[in-house]
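Some notes on the structure that comes next.
None of the figures in this text is laboratory data; all of them are computed from the coordinates on show. Quantities reported herein were computed from a predicted structural model and do not represent experimental measurements. As a convention, Cβ positions derive from the backbone with ideal geometry for all residues, glycine included, and neighbour counts pool all protein chains shown.
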Amino acid sequence: MVKPSVLMIVIGVCAAAAVGLWLSLRTPTPAATDPTPAGRSSDDRKRAKDFFGTPQKYDMTNGQEMRPRW
């Protein structure tokens, strides 16, 4: 019977070899042929800013107490 520690080392070496082989044989994606993203119009940017923007004035009334309750 094979010792469990030897078996774990063999499995780890095989996994490392498989990952190394996979990384060395994969074909890189050429960055030069990637299409450039389409430009956004100023109207799209304004609508996105209005939708995702944070308010400039915050309501500070009736807030939660800042002291711990222990």
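Couple of notes before you dig in:
- FRET efficiency, Ser41 to Glu65 (Cβ-Cβ, R0 30 Å, nearest 0.05): 0.05
- Between Lys3 and Leu23, the C-beta separation translates, for a Förster distance of 25 Å, into a calculated FRET efficiency of about 0.25.
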